[in-house]
1. Quick one: which residue in 260, 228 is within 29 Å of residue 84 (Cα to Cα) and touching an Asp or Glu at 6+ places or on another chain (Cβ under 8 Å)?
2. Residues that are surrounded by 15 or more Cβ atoms within 10 Å (Cβ to Cβ) and small (Gly, Ala, Ser): find the strands (runs of 3 or more DSSP E) completely inside the range 181-279 holding 2 or more of those.
3. Pairs needed: first member in the range 111-134, within 22 Å of residue 40 (Cα to Cα); second member anywhere, surrounded by 18 or more Cβ atoms within 10 Å (Cβ to Cβ) and basic (Lys, Arg); C-beta distance under 8 Å; at least 6 residues apart or different chains.
4. What are the pairs with Cβ atoms under 7 angstrom where one residue, in the range 191-203, is touching a residue at least 40 places away in the same chain (Cβ under 8 Å) and the other, located anywhere, is surrounded by 13 or more Cβ atoms within 10 Å (Cβ to Cβ) and among the acidic types (Asp, Glu)? Sequence gap at least six, or different chains.
5. Mind listing just one residue for me: the one in the range 18-36 that is in contact (Cβ under 8 Å) with a residue 12 or more places away in the chain and within 18 Å of residue 247 (Cβ to Cβ) and, of those, farthest from the ligand (Cβ to nearest atom)?
6. Can you report the number of residues in the range 132-152 which are more than 18 Å from the chain's Cα centre (by Cα), surrounded by 14 or more Cβ atoms within 10 Å (Cβ to Cβ) and under 25 Å from residue 170 (Cβ atoms)?
7. When the range 150-173 is examined, which residues are found to be under 20 Å from residue 211 (Cβ atoms), hydrophobic (A, V, I, L, M, F, W, C) and free of Cβ contacts under 8 Å to residues at least 60 places away in the same chain?
8. Which is closer than 25 Å to residue 257 by Cα and of a type in the set (A, V, I, L, M), of 45, 16?
Amino acid sequence: MKQDMYPAGTNPVHSAVVKLFYSRAARHLFTNAWYSLLSNLDRGAAIRFLNYGYASPDGEQVALQAVDEPDRYAIQLYHHVVSGTAIAGKDVLEVGSGRGGGASYVARYLHPRSYTGLDICKPAIRFSKARYADQDNLAFRVGDALSLPFANDSFDVVINVESAQHYGDMGRFLDEVHRVLRPGGDFLMACFEDPSKDVFPRECLARSRLRLVKEDDITANVARALELDGARRTALAVEIVPRPLLGLSHEFAGIPGTQLHASFANGECPYYCFTCRKD
Ligand SMILES: C[S@@+](CC[C@H](N)C(=O)[O-])C[C@H]1O[C@@H](n2cnc3c(N)ncnc32)[C@H](O)[C@@H]1O
């Protein structure tokens, strides 16, 4: 029971594993292993999103169908990311689409002409293809953000939600986004900044060929969402994750009481939403 002596996240083993997870050498290996494991554990297909969520400060809520209600906060992050950009009739690429919930939401509610979700995690793409097979404007494929399997000038919009923190080379990813975007196209990105994990989206964007149109600090919204969604996330983890991995999964999920949640709540780890354009 030694694990329970510590609130999740202050457990030194968890902190060491999180550090290793984001280390340059192991990042690729661990990212893939972790998301593949989650996909394989989730036999009941309960996980459709893997982001920290977004809550409006005044309690304003996005209108959702009943079927989407359990994923409200994760959906609201997607809604916030795309809210300033016209999506209807456009060709959209999402890099790091995870379990496909955000792709399905945008494709159903905002009516792009086509929406392609790409992820490096094969089980996640397998799940997405099966789960959302009935959506005509939606497709998924396996691929690497650092080498996008698309021709130049293929998309009007590229979306990236809480995925780029995993990439070994964010600059190369932004070069790829610039290459596959059509001139005048938009790049919409949600990403936290964390020097301890070597994640610096603002600096990378400033060095890229994309022009920053809008930057939005949503740290407080993300921390609030984690609080409002904490009970559901905890119950989900208990249902899916084997007990020895539970504390670690709480840390990655940002459940209140973890170091990760604290770093959003106290502003140590800022979380941004960016809108950029290819001129
Ligand atoms: C925190 S999850 C977010 C998933 C989804 N955007 C969401 O909000 O639910 C990060 C995702 O990025 C994917 N990913 C990590 N490295 C990648 C890479 N190099 N290329 C493509 N996807 C990657 C992971 O497999 C994972 O599905």
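1. Values: 228 fails: touching an Asp or Glu at 6+ places or on another chain (Cβ under 8 Å).
Residue meeting the stated conditions: 260.
2. By residue number, 181-192.
3. 124/99; 127/99; 128/99; 131/48; 131/99
4. What qualifies is 191/162; 199/193; 201/193; 202/193.
5. Filtering first and then ranking leaves 19.
6. Number satisfying all stated conditions: 1.
7. 170, the sole residue that qualifies.
8. Being closer than 25 Å to residue 257 by Cα and of a type in the set (A, V, I, L, M) holds for just one of 45, 16, which is 16.
None of the figures in this text is laboratory data; all of them are computed from the coordinates on show. As the structure is a prediction and not an experimental result, all values here were calculated from the model. Methodologically, a virtual Cβ is constructed for each residue, glycine included, from the backbone with ideal geometry; neighbour enumeration extends over all protein chains shown.
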